[in-house]
Amino acid sequence: MANSNFKGLDLKRAATGIMVGLPFLLLSAVNVPLGIVSFITVFALFYLKRFLYASLLSLVFYIVAVMAFFGSAYSANPVMGLAYMAIAMLLPLLVYGLDFKIAVDTYSQFISPILGIGSLALMFVPFPGPALGLGYAVASSITSKREVFSIYYLPPLGFIIVYLTSALFTGTPIGMGLRHVVLSMQNLLLYAGALPSRPLYAVALIGSFILAMLSSFVVPKSLLVKREMRVRDAAVTTAGIGAVSTMALKPFFINPHTKIDVRRHMTTVRKFMGYLTHSRISIAMAVSALAGLVLSLPLGAWSLLALAVSSIGVLVGVYAAAYVSDLDTLKSLFSGILVDVPNEQELEQLFKENWLVLIGMDELKDRLVKTSMSFEDVPGVRPIHGILLYGPAGTGKTALGIGYAAWLAMNRGFNLFVVRAGRILRGGPYDAAHRLDLIFQLAEAYQPAVIYIDEIDALGRVRESPDAPTYLTTSVLLQDIDGIVSRYAKVLVIGTTNSKDVLDPALVRPGRLGDMLIYADRPPKELVRKIILGIAEQKKVTIPNDLLDKASEVLETGADAESFVNCVALKEKLGLEGELSECLKAVSTGLPAY
Ligand SMILES: Nc1ncnc2c1ncn2[C@@H]1O[C@H](COP(=O)(O)OP(=O)(O)O)[C@@H](O)[C@H]1O
Ligand SMILES: [Mg+2]
């Protein structure tokens, strides 16, 4: 597989950084230094994974752009100038304020606000800047976990309303009749100002806005949940929806005085929408709708051009969002923030250092490998939801669990998410539960997936009282492991614990972690000997027979054996002082004996 690292530079992250920074670079059209400085800053912070700061600064730069843009209006008339600025600033500020709380939680909220603010910034860039802005609005809404009507559509929506109102009720050329109202949205009117035929352009423009908005209903699900739906299909669907809605709404714009049976019209539109989930049909729909639009309009090169450019802007957004939500890209940005997503080399290493080193556990390994058959698509077979490895410390539970998870990733195409309790439990219990839930959502979007949780008792403790700190994370585990969307979802949770008793009983029942309970016991004496020998072989050290006999008597677990052999290796290979037999003590007393 292509490696996205080039001499230490993470190309995926760099490409994403350039993409999110681009709108700010284009702000150079308003003010050159502003454009360059904001691009460099946003890009650099993004590349360094300071997502929160990158998004905060993008907001600051947007505000500066607003002030620069309305500066002359302010000097001419301070009251009106401030009013314009307020309109341009208030909405994103409000919305952004809300988003910040969540911004700390997950990758998608890191990138979504930056793309959203980028889409607003593009409103100030001359045509076709705003059309590209539409694309960014789409990308923002697709990458946002905050559902459906991404708030970043609101400014363009306000613009549409002004536009429509003036078109429908004044009968005067668009943008003239309601001059004073429209003036406050003048920045957005850059769209129209660049084109000679405003009414025609309005059709295309409004069509593409609607396209952008509707795509936020359809595309996120198809891209994130139904991964098998290809990006191209999603883009085509989006274009199809846009074309159909343009067609549906066209009569309103073509001749505002025509009487229309709105109900019937809407029924037709709804019926069309139903077909759109099928990509071939949506291609046909898009083509016919476009043909209809073209034929019924007095043909104008400008209106076609405008439609084309606007649609391209939206498609750019869809592709951009698809790019960012691609798991490979996601990994390069996301890993280490909410959950670890090992890459291929790391998987191989996990597999080698954990699965392969384990000695005397072949039966368990076999059982686990066979279990993976439950993930093949056989009607009536429910994939197992959970595996719990429990037993005394040092018996290889962690190694077996993470090793198996890596095996699934390497051999069965699973996406592995390694949960670290410490990272989850930052902040309060509400944040923790929310984060855990997000990981499950992510895993569900990237099926088949395996979520590995070491020391799961930190999150899934028995719910003694509702005030207990882990009450909420336990609830999330209970709900999510059993499959919120489908019990047939291919999401496997592997947990390990030293004390099964402190886990919530409901967590250990079948259908959850109880689908497969594996007790890792202390190995019997003969096996301890085998383990010591095996590890010695792996580490290429020799252990005198008498010491081996003694060690097999004294040592209790695989972890003891590993630590013992490691001590011998240190002495043999590095020539550390002292008798080899001191290594036996080292296992119980720790470092000083080395
Ligand atoms: N059966 C075994 N064979 C070889 N090494 C083992 C075995 N069991 C444990 N080990 C070694 O001990 C280390 C620690 O074990 P670990 O999986 O963390 O134990 P647990 O999670 O049960 O406390 C492992 O990484 C491995 O090196
Ligand atoms: Mg462990």
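The values are calculated or read from the model by the stated rules, or taken from the named source; none is laboratory data. Keep in mind the model is a prediction, meaning the values are calculated, not measured. We place every Cβ from the backbone using ideal geometry, glycine too, and count neighbours over all the protein chains shown.
Among Ala399, Ala433, which is the only one that is within 16 Å of ligand 1 (Cβ to nearest atom), in the same structural domain as Lys500 (by TED's automatic domain parsing) and either at pLDDT below 95 or crowded, with 23+ Cβ neighbours inside 10 Å (or both)?
Numbers: Ala433 fails: within 16 Å of ligand 1 (Cβ to nearest atom).
On inspection, the qualifying residue turns out to be Ala399.
Would you be able to say whether some residue in the stretch 468-486 is among the small types (Gly, Ala, Ser) and surrounded by 23 or more Cβ atoms within 10 Å (Cβ to Cβ)?
Checking the stretch 468-486: not a single residue is among the small types (Gly, Ala, Ser) and surrounded by 23 or more Cβ atoms within 10 Å (Cβ to Cβ).
Mind listing whichever residues of the stretch 417-468 are in a helix (DSSP H, G or I) and in contact with a Ser or Thr (Cβ under 6 Å, 6 or more places away or on another chain)? Quick ask: steps written out before the conclusion?
As a first pass, look at the stretch 417-468 and keep what is in a helix (DSSP H, G or I): 421-424, 429-445, 456-458.
If the condition is that a residue be in a helix (DSSP H, G or I) and in contact with a Ser or Thr (Cβ under 6 Å, 6 or more places away or on another chain), then Ala432, Ala433, Leu436, Leu438, Ile456, Asp457 are the ones that fit.
For the stretch 353-360, check the following and say yes or no: at least one residue is away from ligand 2 (no atom under 16 Å from the Cβ) and on the phi < 0 side of the Ramachandran plot. It would help to see each step written out before you state the result.
Narrowing the stretch 353-360 to residues away from ligand 2 (no atom under 16 Å from the Cβ): 356, 359-360.
Filter once more, so that each one left must be on the phi < 0 side of the Ramachandran plot: 356, 359.
Yes - at least one qualifying residue is present in the stretch 353-360.
Can you pull out every residue in the stretch 511-546 that is in contact with a strand residue (DSSP E or B) (Cβ under 9 Å, 6 or more places away or on another chain) and not hydrophobic (A, V, I, L, M, F, W, C)?
Narrowing the stretch 511-546 to residues in contact with a strand residue (DSSP E or B) (Cβ under 9 Å, 6 or more places away or on another chain): 511-520.
Answer for the stretch 511-546, where residues must be in contact with a strand residue (DSSP E or B) (Cβ under 9 Å, 6 or more places away or on another chain) and not hydrophobic (A, V, I, L, M, F, W, C): Gly511, Arg512, Gly514, Asp515, Tyr519.
With respect to Leu350, determine if the residue is outside the structural domain of Asp328 (by TED's automatic domain parsing), within 16 Å of ligand 1 (Cβ to nearest atom) and part of a loop (DSSP other than H, G, I, E, B). Talk me through it step by step, then tell me what you get.
On the way: outside the structural domain of Asp328 (by TED's automatic domain parsing): yes; within 16 Å of ligand 1 (Cβ to nearest atom): yes; part of a loop (DSSP other than H, G, I, E, B): no.
Criteria not met by Leu350.
Name the residues in the stretch 452-494 that are touching a residue at least 24 places away in the same chain (Cβ under 8 Å), more than 16 Å from ligand 2 (Cβ to nearest atom) and of a type in the set (Ser, Thr, Tyr), would you?
Thr470, Tyr471, Thr473, Thr474, Ser475, Tyr488
Please work out which one of (1) at pLDDT below 80; (2) on the phi < 0 side of the Ramachandran plot; (3) more than 23 Å from the chain's Cα centre (by Cα) is the condition Gly8 fails and give its number.
Among (1) at pLDDT below 80; (2) on the phi < 0 side of the Ramachandran plot; (3) more than 23 Å from the chain's Cα centre (by Cα), Gly8 violates only (2).
Mind checking which pairs have a first residue in the stretch 526-551 that is under 20 Å from Thr395 (Cβ atoms) and a second that is aliphatic (A, V, I, L, M) and within 16 Å of ligand 2 (Cβ to nearest atom), Cβ under 7 Å, 6 or more apart or different chains?
Val528/Ala561; Ile531/Ala561; Ile532/Ala561; Ile535/Ala561; Gln538/Val357
Just give me the residues in the stretch 369-390 being away from ligand 2 (no atom under 16 Å from the Cβ), of a type outside the set (Ser, Thr, Tyr) and either over 27 Å from the mean Cα position of the chain (by Cα) or not assigned by TED's automatic domain parsing to the domain that holds Gly460 (or both), in sequence order. Spell out how you get there, then give the answer.
The initial filter retains those residues of the stretch 369-390 that are away from ligand 2 (no atom under 16 Å from the Cβ), namely 369-386.
With of a type outside the set (Ser, Thr, Tyr) added as a condition, the list becomes 369-370, 373, 375-386.
The answer is Val369, Lys370, Met373, Val378, Pro379, Gly380, Val381.
Could you tell me which residue of the stretch 521-566 is farthest from ligand 2 (Cβ to nearest atom), considering only residues that are assigned to a loop (DSSP other than H, G, I, E, B) and of a type in the set (Lys, Arg)?
Step one: of the stretch 521-566, the residues assigned to a loop (DSSP other than H, G, I, E, B) are 521-524, 540-544, 555-557.
Cutting the leftovers down to of a type in the set (Lys, Arg) gives us 522, 540.
Values: Arg522: 14, Lys540: 26 Å.
It comes out as Lys540.
Out of the residues in the stretch 495-520 that are of a type in the set (A, V, I, L, M, F, W, C) and either within 18 Å of Asp482 (Cα to Cα) or within 32 Å of the chain's Cα centre (by Cα) (or both), which is farthest from ligand 2 (Cβ to nearest atom)? Don't jump to the end; show me each part of the working.
Of the residues in the stretch 495-520, the ones of a type in the set (A, V, I, L, M, F, W, C) are 502-503, 506-508, 513, 516-518, 520.
Filter again for either within 18 Å of Asp482 (Cα to Cα) or within 32 Å of the chain's Cα centre (by Cα) (or both), leaving 503, 506-508, 513, 516-517.
Details: Leu503: 15, Ala506: 23, Leu507: 18, Val508: 17, Leu513: 15, Met516: 17, Leu517: 16 Å.
Filtering the stretch 495-520 for residues that are of a type in the set (A, V, I, L, M, F, W, C) and either within 18 Å of Asp482 (Cα to Cα) or within 32 Å of the chain's Cα centre (by Cα) (or both), the one farthest from ligand 2 (Cβ to nearest atom) comes out as Ala506.
Starting from the stretch 401-425, keep only residues that are in contact (Cβ under 8 Å) with a residue 60 or more places away in the chain, then list their pairs with residues that are among the acidic types (Asp, Glu) whose Cβ atoms are within a distance under 6 Å, requiring at least 6 positions of separation or different chains.
Taking only residues 6 or more apart or on different chains, the pairs are Val418/Asp340.
Tell me which residues, restricted to the stretch 402-419, are within 16 Å of ligand 1 (Cβ to nearest atom) and closer than 12 Å to Ile451 by Cβ. Write out each step before concluding.
To start, the set of residues in the stretch 402-419 that are within 16 Å of ligand 1 (Cβ to nearest atom) comprises 402-407, 418-419.
Answer for the stretch 402-419, where residues must be within 16 Å of ligand 1 (Cβ to nearest atom) and closer than 12 Å to Ile451 by Cβ: Ile402, Ala405, Val418, Val419.
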